[in-house]
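First the structure, in the form of structure tokens, and then the observations on it.
What follows draws every value from the coordinates through simple rules; no lab data is involved. Every value quoted in this text rests on a predicted model; they were computed, and no experiment measured them. Heads up, the Cβs are rebuilt from the backbone with ideal geometry, glycines too, and the neighbour counts pull from every protein chain shown.
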Amino acid sequence: MRHLKKDIIPPLQESRWSHIWAGFLGDKLATLSLAILVFYCLVAIFAPLLAPYNINSPNFMDLTNAEIAPSWISGDERFLLGTDDQGRDMLSVVLYGTRLSLTIGICAVLIQITLGICIGLISGYLGGRIDNFLMRCADIQLSFSTMMVAIVFLAVFQALFGMDMYQQLAMIMLILVIGLAEWPLFARTIRASVLAEKQKEYVDAARIMGISPKRIMFKHILPNTLTPVLVIFTVQISNAIVAEAALSFLGLGMPASDPSLGALISVGFNYMFSGSWWICIIPSLTLIILILVMNMLGDWLRDHLNPKTYRD
Amino acid sequence: MNLLSVNNLHVNFHIKGQDLAALIDVSFTLNRGERIAIVGESGAGKSILGFSIVNLIDKPGYIKSGSIKLQNKEITTMTPRLLQEVRGKRIAMIFQDPMMTLNPVLTIGAQLVEAIRSHTRISFKDARNIAIEKLHSVQIASPEKRFNQYPHELSGGMRQRVIIAIVLLLNPDIIIADEPTTALDVTIQAEIIQLLLDICRDNSMALLLISHDLGVVSRVAERTIVMYAGRVVEEGPTLEVINDPQHPYTQGLLNALPQMALPGQRLNQIQGNMPSLNERPTGCAFHSRCPYATDKCRQQQPDFIQSGVSSVACFMVENMITEFEQNTDEESL
Amino acid sequence: MSTPLIQISQLEKFFSTNESWLSQWRIDSGKLKRKKDSVHALNGINLTINKGETLCVVGETGCGKSTLARVIMGLTPATSGEVHYQDQRIDHLNDRQRMLFRRRMQMIFQNPYASLNPRMTVYQTLYEPISFHNPQLSTAQVDEQIQTLLESVGISASSIDDYPHEFSGGQRQRISIARALSVEPDFIIADEPLSALDVSVQAQVLNLMMDKQEERNLTYLFITHDLAVVEHFATRVAVMYLGRICELASTRVLFSAPKHPYTKALLSAIPRLDNNTTQPIRLIGEVPTQMDNPIGCVFQARCPYANQRCYTESPNMIRQTDNSSVACHAVDEGRL
Ligand SMILES: Nc1ncnc2c1ncn2[C@@H]1O[C@H](COP(=O)(O)OP(=O)(O)OP(=O)(O)O)[C@@H](O)[C@H]1O
Ligand SMILES: Nc1ncnc2c1ncn2[C@@H]1O[C@H](COP(=O)(O)OP(=O)(O)OP(=O)(O)O)[C@@H](O)[C@H]1O
Ligand code: SF4
Ligand SMILES: [Mg+2]
Ligand SMILES: [Mg+2]
């Protein structure tokens, strides 16, 4: 089809990013969200330095200190946020829990992205039978809910290899399960943009040069399809963290000895109505703020990076 | 009397804290039944001019100053209700992409009938008959069949005809056609242009044709306005502008046409590109590409001067005229 | 005498419009049948492109011009027919075997805003093909080649690290030309390279293409719908209509004595600057779709001279006295 001239007006790319960044700084909520997220990340990275107690030291767990309320209630200066049922300092545990939750979330999403990009690229670029096959696989995968797959898989694993083995491998298992369960989302997004990019003439130009399909896929097409990936990236991390928390809450996640935020909530929940509310509430708040902030950023990115809604 | 007169129109775009001028000091008049063409490079501001006439400039853009009068009624300060009326009944627009005007989910019949019934109260059946008659008059074969089809079932040329049929129904005083044939084939373009021409002649409608195809312009328009970088640089009768261009830009534009060089020889290109909105130079905007540019051109904006039947904004032409006058003065002394 | 560079014989290309296997089944008089609907984009094209010439292909939207270009370049496989480069057949080659010919045949595209990768600088865009096809060159040598190349298409070397969006349409088209020239081809297909550009910039790009042709003895297959450009630039012209070539003639002959009714209508429709008194020949009737294999002449539905023979028998290209070839019964029978 002949191009209408209006299809061929030059895209304003460079100004686009600076434009978006300026818009971002102008949006107070978005800026605040980013600041909080950065804070979370810093906390997670420097948890070992920031935590007042070393959670690996043998006297960290001291039952004589169990269930001390936060310092502004109990007046106990040693434990700012109080202690949990096993006498662990809440602040240290929450810091490490955040670190663990974020690590699991990010690693799981990295697996999702890697799988999603490879499958989406191959599917979109090669098309035909391969595309059909891979997308049907994605459909099947999506038709099982992530939680269901994860629950069944982790439960079977626990039953087969026993609790000890499970506790050692819990983190890797969680990353793998959550990572493998949600690749279709990325694969589909990538495939959709690849299908659009593939039509463009620069891909034909590269083919005419004799450049190999692998190189065209990864060097030429991939960098042009990453914008929508960025959008779902943040949302997916928060989803992964939530999934991990839910699994931990159900007792299928991180063990109590090495707790993530979800595991902390799970343990604390038992004490919720026996007066020691802080054991549950503090990690819950931490988790909720983290998820909220990430979703807010995700929404902002979706609104402002989506080429459909984007207007210069 | 002038049907439409545009005076010292300035349109600006407010982008990223900068106030960029898209139209600078544009003035022209359009008489009843007259056909004027606006030509110029992409980005010269032709479409912006078309949109400002019906006060349809969207946000970052705004009309900074100047007046647009439709029979002595000022459009720039009109209330939205009156504007709506002007847009519907007095001025109609035809775009390059017919789908900008057609609703993709309604049959073309429904859209025609709606247009008729929006300003005359008649029965559906009568409206249908009128619609079919109009479709016939824009040379659509078997209009009864087309009546029930959706826009996407028609070819591009056919859609443009439907738009012209709608315009005919509204019976406006002025048609603004923004590159109506750019997306069409040569043979179909010729038909659409002929149709537009006939319709304007038969109903004595005025036409403002925006185009960059000088061939089309020479076929349709009586007068031509040449725009460059937001300004009018030359205005005159079409034949005069095409056969005896005065402004160096118009000369360059015409010389660059393949028809103007011997087959197989190099074309006479204009060097460089038109400056974009945010890099408009001082003085005459064409000076960086102009073979006759002097220091004066780089500093001052030339005023319009009458040169024969055209008016031109160019110092080179101005100098030539004054020299010519001096010479004739000296001779007569 | 001119030596042929590319020879195309009986080239056909069908696109099936219902790709998915499921939608191909259809109940026909009580039986379940599998039927592929297809668009006949190319319908038996025979064409020879001579060394050093500029062959222009003109025709309506959708008549198969781009498809022809893509099939010759091997971007789309042909349904049947053959494409020869000099004396080797190239249409059935796989990617690796085709590599030899990649260097010799290049293409320039229509949309200057889509034909350069937006995430690659000019340098990267040119570095890739040069180093890929000349692995023996050192980086410094490649850089030097890029410099000379950019200079020769009139892009200043200081903008070597800029991204495509920093250039105007005409400059991008120059970069596209530089990319095509970077592998030193003999043959370039240009698919409407001017249609997105302004008149003043069109002249710049066209001049560049002519200079390069002279400099490197290039052969062009130039697809366009601007007949003024054709008249100026082409040595020979092929007029296409619905997947067939209906007239093939040298430029001078075609413009002075068009023979096929479609060519006549096309030429009469060019808006000219000088005389706008001649009425364009109106083509009555609809542009037919290419869904079914046409019986008879493809132009019959709109042709003012069609007779019974045109509805039943497909005309062949017949050589005329002035060396042009026309596929039309009316011309053949001397009615026109
Ligand atoms: N919404 C907008 N925001 C910012 N700049 C704009 C906007 N619309 C138009 N412009 C700018 O105004 C200038 C004039 O645009 P206009 O559309 O009138 O050009 P034109 O002469 O109609 O060109 P074309 O031949 O491509 O249609 C251009 O430089 C364009 O970039
Ligand atoms: N990938 C495809 N799948 C299905 N049909 C196609 C495909 N590519 C082209 N066609 C069809 O083949 C026909 C010829 O298309 P082609 O793009 O070659 O036309 P063209 O002569 O280049 O037209 P234009 O002047 O608009 O560029 C058209 O009817 C088009 O719809
Ligand atoms: S005013 Fe000067 S620079 Fe502008 S067009 Fe005339 S001669 Fe050229
Ligand atoms: Mg415009
Ligand atoms: Mg094409």
In Å and from the alpha-carbon atoms only, list the Rg and Dmax of segment C:35-89.
-> 12.6, 44
Volume per residue, Å³, of the convex hull around the alpha-carbon atoms of segment C:156-288?
-> 153 Å³
With a length cut of 24 Å (Cα positions projected on each helix's long axis) and a Kyte-Doolittle mean of at least -1.0, go through chain B and give me the DSSP H helices that pass.
-> B:186-203, B:315-332
Gaussian network model of chain C, springs between alpha carbon atoms under 10 Å - residue of C:P164, C:P193, C:P129 with greatest fluctuation = C:P129
Sort out the exposed loop GluC sites (Glu not before Pro) in chain C (DSSP loop, at most 13 other Cβ within 10 Å) and tell me the longest stretch that has none.
-> C:20-285
Within the under-14-Å Cβ sphere about A:G97, not counting A:G97, Lys/Arg +1 and Asp/Glu -1 give a net charge of -2
Percentage of interatomic Cα-Cα distances in chain C larger than 31 Å = 39 percent
Counting partner chain Cβ atoms within 10 Å of every residue's Cβ in A:209-216, what's the average?
-> 5
Among B:I140, B:I15, B:I38, which one moves the most in a GNM of chain B with springs linking Cα atoms closer than 10 Å?
-> B:I15
Mind checking Rg over Rh on segment C:103-234, alpha carbons, Kirkwood formula for Rh?
-> 0.95
Of the listed links B:K89/B:K125; A:K219/C:K13; B:K46/C:K65; B:K69/B:K89; B:K145/C:K13; B:K16/B:K64, those spanning more than 21 angstrom between alpha carbons are B:K89/B:K125; A:K219/C:K13; B:K46/C:K65; B:K145/C:K13
D for the protein assembly as shown, whole µm²/s, Stokes-Einstein with Kirkwood Rh over alpha-carbon pairs at 20 °C and 1.002 mPa s: what number?
-> 65 µm²/s
Hydrodynamic radius by Kirkwood for chain B, inverse mean 1/r across distinct Cα pairs, in Å, is 21.6 Å
What is the fewest-to-most order of C:C63, C:C310 by other Cβ atoms lying within 10 Å of their Cβ?
-> C:C310, C:C63
Return a whole-number percent for the relative contact order of chain B, with Cα pairs under 8 Å and 6 or more residues apart as the contact set.
-> 19 percent
Name the most mobile residue of C:Q173, C:Q279, C:Q300, meaning the one with the largest mean-square fluctuation, in a Gaussian network model of chain C with Cα contacts below 10 Å.
-> C:Q279
Exercise: per-residue mean of other protein chain Cβ atoms within 10 Å, B:253-266 | 6
How many partner chain Cβ atoms sit within 10 Å of a residue's Cβ in peptide C:191-197, on average, as a whole number?
-> 3
Residue range of chain A that is longest and free of trypsin sites (Lys or Arg not before Pro) which are both DSSP loop and sparsely packed (at most 16 other C-beta within 10 Å) | A:79-307
Whole-number percent relative contact order across chain C, with pairs defined as alpha carbons under 8 Å at least 6 apart | 19 percent
Diffusion coefficient in µm²/s returned for segment A:185-312 by Stokes-Einstein, Kirkwood Rh over C-alpha pairs, 25 °C and 0.890 mPa s, is 139 µm²/s
Which of the helices in chain C, when you take each full DSSP H run, stretch at least 24 Å along the axis at their Cα atoms and have an average Kyte-Doolittle score of 1.6 or higher?
-> none
Cα radius of gyration and Dmax for segment C:184-243 (Å) | 11.8, 35
Shape category assigned to segment A:35-159 from the gyration tensor of Cα positions, a/c cut at 1.5 | prolate
If we count other beta carbons within 10 Å of each Cβ, what is the order of B:M99, A:M171, C:M107, fewest first?
-> B:M99, A:M171, C:M107
What net charge is computed for the residues neighbouring A:D27, neighbours being all others with C-beta under 12 Å from the C-beta of A:D27, Lys and Arg scored +1, Asp and Glu -1?
-> -1
Using just the C-alpha positions of segment B:68-109 as equal point scatterers, what log10 of I(q)/I(0) does the Debye formula give at each q in 0.19 1/Å?
-> -0.71
Which whole-number percent of Cα pairs in segment A:79-305 have a distance greater than 25 Å?
-> 49 percent
